């Protein structure tokens, strides 16, 4: 059976740490163009991941790029690690800690109580360091120039919010989050920190699912995809 990337394919990758979504799409496009003997090929992704996040990136090729909006609507699952007691401007490790707070009052029971207030339909303000647009400009471009960014709250749904691990000694909290499209886990970390009166920021984020696509079935890295292309070159439809 032939694999036709121009007719359209959906590929799933485990995005590496420090790569932008744009970099991954660019590398996939380059490898595919080389494999099919074409100079151009439509390639896009269904849902951005921050450079400091890893996990499921759904990449569409050819005519399947028309399905990107549909695929983006799928529920997402993340494993998020929060550091309680400190904040950063970006709510993750992109920036240094800017403020610290007491954490002596925090225990597992309090955390569970607070998490209950975030389950279900809620309003969430996206982070200033995000791809949201303000007057046609990306919020992160304005934020990185030191300009004040004001974003409006948007409705989202947190379907599941579960404690996987909590270390009282280090105040490290690991959560599993199943949520709707448009949810910013960095904003969730910020809001949980505020609710705990301790501040918080993300120290690690991994997306494990997008709709029906699971990280366990993804290409583990770009080298694995390159090898797959080479191993299956006889079944890949090439340009004339």
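Please treat every number below as a calculation from the coordinates, not as lab data. Bear in mind the structure is a predicted one, so any value in this text is a computation, not a measurement. All Cβ positions, even for glycine, are placed from backbone atoms using ideal geometry, and neighbour counts span all protein chains on display.
Relative to the dominant Cα principal axis of the chain, helix 185-195 is inclined by about 10°. Using the alpha-carbon positions of the chain, Rg (one decimal) and Dmax (whole number) come out as 19.8, 68 Å. Result for the chain in a Gaussian network model with C-alpha springs under 10 Å: among 183, 81, 48, the largest mean-square fluctuation is at 48.
Region 62-78 and region 185-204 have their alpha-carbon centroids 28 Å apart. Stretched out straight at 0.36 nm per residue, the stretch from residue 30 to residue 169 would grow longer than its current Cα-Cα span by 45.4 nm. Ranking of 213, 13 by neighbouring Cβ atoms within 10 Å, starting from the fewest: 213, 13. Once the Cα atoms are used to define both axes, helix 21-36 deviates from the longest principal axis of the chain by about 10 degrees. Taking 0.36 nm per residue of separation and subtracting the Cα-Cα distance, full extension of the segment from residue 238 to residue 157 would add 24.8 nm. The ranking of 179, 33 by Cβ neighbour count inside 10 Å, starting from the fewest, reads 33, 179.
For region 197-240, the Kirkwood estimate of hydrodynamic radius, built from reciprocal distances between every pair of different alpha carbons, is 14.1 Å.
By the beta-carbon count within 10 Å of each Cβ, the least crowded to most crowded order of 84, 31, fewest first, is 31, 84.
Approximating the spin labels as points 7 Å out from Cα along Cα→Cβ, the residue 125-to-residue 3 distance works out to 4.6 nm.
Region 31-91: percent of C-alpha pairs farther apart than 18 Å? Percent of Cα pairs beyond 18 Å in region 31-91: 55. Extension gain for residue 180 to residue 68 (0.36 nm times residue separation, less C-alpha to C-alpha distance): 38.8 nm.
Under 19 Å from a label point set 7 Å out along the Cα-to-Cβ vector of residue 81, the amide N atoms of region 4-37 belong to 14-19. Normalised by the number of residues in the chain, the average gap of Cα pairs under 8 Å and 6 or more apart makes the relative contact order 30 percent. In the elastic network of the chain, a GNM with C-alpha springs shorter than 10 Å, the most mobile of 16, 168, 220 is 168.
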